[in-house]
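See structure below.
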Amino acid sequence: MAVADITSALFSRRSYREKMPKADVLEILGKMALNDQLDASVVGIMTERYDEITSASAAKSSDIVRSYEALKREYPLCVKEYIKGSKDTGSRSELFF
């Protein structure tokens, strides 16, 4: 599980950095395996099947990213309606209950 978590953290784009290149990810995993921080046999499998595993992961996460982007676009509109509704009704909680 640790190898998968670390790989995902490194190969995925984050809000504070771009995704790491494959060579860098595999180098980090390899060093961690050499230092007995990760199971070398699992790192070996990740190294052999990196493209397949990361492609499958990216495909699954693309749905999540699309949903997040839609929510991010809609959120300001929801806030405006919420504020408008609270002015009209005098109570914000009435909008949702």
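Just a few scattered comments:
- Sorted by Cβ density within 10 Å, fewest first, the residues Ile45, Ile53, Ile64: Ile64, Ile45, Ile53
- Our Cα-only numbers for the chain put the radius of gyration and Dmax at 21.4, 65 Å.
- The angle between the Cα long axis of helix 2-11 and the longest principal axis of the Cα atoms of the chain comes to about 70 degrees, rounded to the nearest 10.
- Given charges at beta-carbon only (K, R positive; D, E negative), |dipole| of the stretch 2-95 in Debye: 580
- Of Gly30, Gly44, Gly85, the one that fluctuates the most in a GNM where the chain has Cα springs shorter than 10 Å: Gly85
- C-alpha long axis of helix 22-34 to longest principal axis of the chain, angle in °: 60
Readers should treat all values here as calculations from the given coordinates under stated rules, not as data from a laboratory. Just so it is clear, the structure is predicted and the values come from calculations on it, not from any experiment. Neighbour counts run over all protein chains shown; Cβ positions are idealised from the backbone, glycine included.
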